[in-house]
Amino acid sequence: MTRLQTLSLTLVTIAALTACKRNPPEGPMPMPTPPSTPGAGTTTTPTTTARVPEQPPVPPPITDPGGITSSDPLMTSDIDVINKNSPLKPVFFAYDSDSLDDVGRKTIADNAEVLKKYPTWVITIEGHCDERGTAEYNVALGDRRALAVKNYLVTLGIPAERVKTVSYGNEFPFNPGHDEQAWKDNRRAHFMLTSR
C-alpha cells in the first residue's frame, strides 16, 4: 500500500469514529405511527380529546363527635344567637332555697341531653336571686344554686370542666317587678353557652 492510501484510510476511519460518537439529537423523539387496522383499507389518525378540567371533590359535611353535622344551626350560629334562643332551660328555686325539686331535676336532665349532643359546648351556670335579702347573702345563695345545678349535671355524665358557675345574686333580675311573680322568676339558675 502506498503512503497516500494509508493516509486516506486513516482519515476515513477517524471520520467514521467521530460520526459514531455524536450525541443523539435534542428534543422529543417522534412518536411512531400506529398501525392501521388490517382490512380497513384506510389509515385512521388518532384523535385528541379535549381535556376536561377535573372538579375538586366535595368534602362531606363536618361531623363532630356527637354526630352533629356542620349544617346544624346550633353548630353554625353565633353564640349570642344560640343564647337568645337557647335549648338550655333555666332551673327555678323556692324562696331562700338551693334545693332541687323534681321539676328542676327534670329540666337539668333535659339540658344534660342537649350537652351530650354537643360535646364541645362549655357553659356557665348563673345563680340568681330575688331582691329580698342583703347583697352578700344573695350572692352566696346564687352561688349555692349554681353549684347545685352543676353537681347534678356532673352526676348525669357531663364533665365538670365543661361547666363553670357564677353568682350574680339579685344584681340582674329577669323580671324587674317587685311582686311574688317577679321574685319567682328571678330565683333561678340560668344556663349560658360560653364556647363551643
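Since every read-out is calculated from the coordinates, none of them should be taken as a lab result. Everything quoted here is computed from the prediction, not taken from an experiment.
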Open item on the list: Give me a comma-separated list of calculated 3J(HN,Hα) values for the range 129-136, in order, Karplus coefficients 6.51, -1.76, 1.60 applied at θ = phi - 60°, integers in Hz, x for any Gly or Pro.
Closed with: 9, 7, 7, 7, x, 6, 4, 5
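Determine the percent antiparallel among the DSSP beta bridges restricted to the range 87-195, to the nearest 5. Before the final figure, lay out the partial values.
Values: 8 of 14 bridges.
Looking only at bridges with both residues in the range 87-195, the antiparallel portion is about 55 percent.
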Open item on the list: Cut-off under 25 Å on the C-alpha distance; same-chain residues fewer than 8 positions from LYS164 excluded. Which lysines are left, in chain and number order?
Closed with: LYS84, LYS89, LYS106, LYS116, LYS117, LYS150, LYS184
Open item on the list: Taking θ = phi - 60°, what integer Hz values does the Karplus form 6.51 cos²θ - 1.76 cosθ + 1.60 yield along the range 171-186, in sequence order, with x for Gly and Pro?
Closed with: 5, 10, x, 7, 10, x, x, 10, 10, 4, 5, 4, 4, 5, 5, 8
TODO: Could you pull out every residue, at least 5 positions away or on a different chain, whose amide H is within less than 5 Å of the one on SER167? Hs are placed 1.01 Å off N in the peptide plane, and Pro or chain starts have none.
DONE: GLY127
